[in-house]
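Notes follow once the structure below has been shown.
The values are calculated or read from the model by the stated rules, or taken from the named source; none is laboratory data. Quick caveat, the model's predicted, so the values are computed rather than measured. Heads up, the Cβs are rebuilt from the backbone with ideal geometry, glycines too, and the neighbour counts pull from every protein chain shown.
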Amino acid sequence: MDSKISEGVSAIECHGVGKTFKVVQRNKWHRVATITHAVKGIDLVLPRHQILGVLGPNGSGKSTLIRMMATLLIPDEGTIQVFGLDVLAHRMKVRRLINRVSVEASFFKKLTARENLAYAAGLYGVPNYQAQKDATRILERLGLAREKLVVPLENLSRGQQQKIAIARALLTSPTLMLLDEPTTGLDPTSRREVQDFVLQVRQEHDATILITTHDMPEAERLCDQIAIIDEGRFVAYASPEELVKKWGEGQGLEHAFFRLTGHNLDNQEQESS
Amino acid sequence: MIAVEREARALGSIVRRNFHLIRRYAGWEVVFLFYNVINTLTIGLIGLSLPPGQRAHTVVFLAIGALLWNFLSILFQEISNAVSWERWEGTIEYSFMAPIHRLTYLMGVCLYAVIYGLVRTVVILIVVMLFFHVSIQRADWIGALVVLTASALPFIGLGLMGAVLPLLSTERGAQATQIIQGVLLLVSGVYYPVSVLPGWLRWMSYGSPATYTLQASRQAILGGRALSSLVGISLELFLSGFILVPIGLFIFQTAERWAMHRGTLKRNG
């Protein structure tokens, strides 16, 4: 990617970011408007090369926040900068620096992994031969056999699809990766492989990573900092150790999460997958 | 990398993706093509029910309508359904997050639609010629091609406007594009001269680029008119294209921004 990044700037800076959704539903004779304050007054400074975990119950605003950073949603309030570039004023430059893996692996399901990756790489200006070479290497590293590249996506398991989604994001060498629950629905082995790979990406690709997850051990293993979000607001922002120390009462991150949000995580992942 | 090269690569990948999709849905493609061929032949056969003196002329008149409508409707449908299709697959956010100009994305969709529409129309044309043994030796094919190319532009503009609807309404947008297509079919004189339309409906035919395309193509093929006589109508079509395409693009970008405000870009709104 050819966008220059100034040294010393943060990977992400958010100031007073807010987003409200209005859904109008027709109820026989009249319309009923529902207002949802998805994100409220988020302030965040994420230094480069760090992994930030955003933890929160379903509907707490995690995905909305990521969508705004990914230039897919326009904030109602506040500003978001990615490597010093405002996401609204410099949308195209920001897009060259980021990539996103969403909880649902968004692919053309009838197309093979190879065809999907060729499309994605083309959109980012990556030559097809290079994309295929890199994809094979990345997928082998993620434990996906080479033969799977020629199988239509609809015939692959969710875990396999998610690995291809991660490979797709990495093909474009993003400087900031936004991972929205990338391991949801994966078996323990695949989950571990993805986690190892995330750590490797940070190390080898000089990338900054923002990850949302419901998996507390995952958050503890991967993240330098954790932000806990509830009802659109950050209720805590600290390193995993500090969170456990301050809120976990020696019973781990999950206990800290429960104390901060009042939500139990038991069914969160199941609901979101 | 040079920006133009990057955009060209992206455009190529969109066209290639759509042809890959055709291959995966090959069964349905064969079915649609078969239906189009049968539909065109059926419409042409109406001409054979007329007195012998009128048959050849009517068959060609109807076949031109069916063939052109086939091409223009594919163009409109493919462009206007691009958003619905991506939303249905769940890929819209990924495609729209890519660092390419929206014009490049839409040009990719349009280029594919033109190639795909032309290929299907040529196949149907060959079947029609063989089936009806129609003599079209006098036809001005270059003139017809000029008119066809000129008419593609305004239809691309209309398609871009139609593509906006699924962005505005997740559920009803795609349905609305079908209605627009139906209205264009009714008022453009595809199978009859627009003069037979009731007065309250006829004025709409003047707004449809297909009306002029059909008239000019029939003049070129049936009348064997010289290319020079079609210059005026082709220029009008080109001009309307040059107006409608930027308007369509502007409307699309405005609607995309609106969807990004409302959060309706993603699949389930």
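Quick notes
- Once the range A:101-138 is narrowed to residues that are among the β-branched types (V, I, T) and within 21 Å of A:L178 (Cα to Cα), the residue that is nearest to the chain's Cα centre (by Cα) is A:V101.
- Going through (1) in contact with a strand residue (DSSP E or B) (Cβ under 9 Å, 6 or more places away or on another chain); (2) more than 10 Å from every other protein chain (Cβ to nearest Cβ); (3) in a helix (DSSP H, G or I) one by one, A:V94 falls short only on (2).
Residue-by-condition table, conditions (1) more than 9 Å from every other protein chain (Cβ to nearest Cβ); (2) without any contact (Cβ under 8 Å) to a residue 60 or more places away in the chain; (3) outside any helix (DSSP H, G or I):
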{"residue": "B:G53", "(1), (2), (3)": "yes, yes, no"}
{"residue": "B:V60", "(1), (2), (3)": "yes, no, no"}
{"residue": "B:L68", "(1), (2), (3)": "yes, no, no"}
{"residue": "B:Y94", "(1), (2), (3)": "no, yes, no"}
{"residue": "B:I100", "(1), (2), (3)": "no, no, yes"}
{"residue": "B:M107", "(1), (2), (3)": "yes, no, no"}
{"residue": "B:A113", "(1), (2), (3)": "yes, yes, no"}
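- Any hit, the range A:184-192, residues being buried (at least 18 other Cβ atoms within 10 Å of the Cβ) and closer than 17 Å to A:K109 by Cα: no
- The range A:27-58, subset among the polar types (S, T, N, Q) and in a strand (DSSP E or B), residue nearest to A:E181 (Cα to Cα): A:T36
- As a summary of the residue check, B:A226 satisfies the conditions (1) surrounded by 16 or more Cβ atoms within 10 Å (Cβ to Cβ); (2) modelled with pLDDT under 85; (3) aliphatic (A, V, I, L, M) except for the one numbered (1).
- Taking the listed residues A:T213, A:T208, the one that is in contact with a His (Cβ under 7 Å, 6 or more places away or on another chain) and either free of Cβ contacts under 8 Å to residues at least 12 places away in the same chain or surrounded by 19 or more Cβ atoms within 10 Å (Cβ to Cβ) (or both) is A:T208, with no other qualifying.
For every residue, the table says whether it meets (1) modelled with pLDDT of 85 or more; (2) in contact with a Leu (Cβ under 8 Å, 6 or more places away or on another chain); (3) surrounded by fewer than 20 Cβ atoms within 10 Å (Cβ to Cβ); (4) closer than 30 Å to B:E86 by Cα.
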site: B:Y112; (1), (2), (3), (4): yes, no, no, yes
site: B:W141; (1), (2), (3), (4): no, no, yes, no
site: B:V146; (1), (2), (3), (4): no, yes, no, no
site: B:G173; (1), (2), (3), (4): no, yes, no, yes
site: B:G189; (1), (2), (3), (4): yes, yes, no, no
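- Taking the listed residues A:K110, A:K40, the one that is surrounded by fewer than 22 Cβ atoms within 10 Å (Cβ to Cβ), within 28 Å of B:L21 (Cβ to Cβ), in contact with an Asp or Glu (Cβ under 9 Å, 6 or more places away or on another chain) and in contact (Cβ under 8 Å) with a residue 24 or more places away in the chain is A:K110, with no other qualifying.
- The one condition from (1) touching a strand residue (DSSP E or B) at 6+ places or on another chain (Cβ under 6 Å); (2) more than 30 Å from B:A3 (Cβ to Cβ); (3) surrounded by 24 or more Cβ atoms within 10 Å (Cβ to Cβ) that A:Q162 does not meet is (1).
- Taken over the range A:149-190, the criterion of being more than 14 Å from A:D215 (Cβ to Cβ), polar (S, T, N, Q) and assigned to a loop (DSSP other than H, G, I, E, B) is satisfied by A:S157, A:T172, A:S173, A:T175.
- There is at least one residue in the range A:231-244 that is under 28 Å from A:L176 (Cα atoms), in a helix (DSSP H, G or I), modelled with pLDDT of 85 or more and among the hydrophobic types (A, V, I, L, M, F, W, C).
- Within the range A:117-148, the set of residues being within 14 Å of chain B (Cβ to nearest Cβ), in a loop (DSSP other than H, G, I, E, B) and under 23 Å from B:E93 (Cβ atoms) comprises A:Y124, A:G125, A:V126.
- Hey, B:R9 more than 20 Å from the chain's Cα centre (by Cα), within 26 Å of B:I179 (Cβ to Cβ) and within 14 Å of another protein chain (Cβ to nearest Cβ) or not: no
For (1) touching a strand residue (DSSP E or B) at 6+ places or on another chain (Cβ under 9 Å); (2) within 14 Å of chain A (Cβ to nearest Cβ); (3) free of Cβ contacts under 8 Å to residues at least 24 places away in the same chain; (4) at positive phi, each residue gets a yes or a no:
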{"position": "B:T211", "(1), (2), (3), (4)": "no, no, no, no"}
{"position": "B:L214", "(1), (2), (3), (4)": "no, no, no, no"}
{"position": "B:I233", "(1), (2), (3), (4)": "no, no, no, no"}
{"position": "B:V245", "(1), (2), (3), (4)": "no, no, no, no"}
{"position": "B:F250", "(1), (2), (3), (4)": "no, no, yes, no"}
{"position": "B:Q253", "(1), (2), (3), (4)": "no, yes, no, no"}
{"position": "B:M260", "(1), (2), (3), (4)": "no, yes, yes, no"}
{"position": "B:G263", "(1), (2), (3), (4)": "yes, yes, yes, yes"}
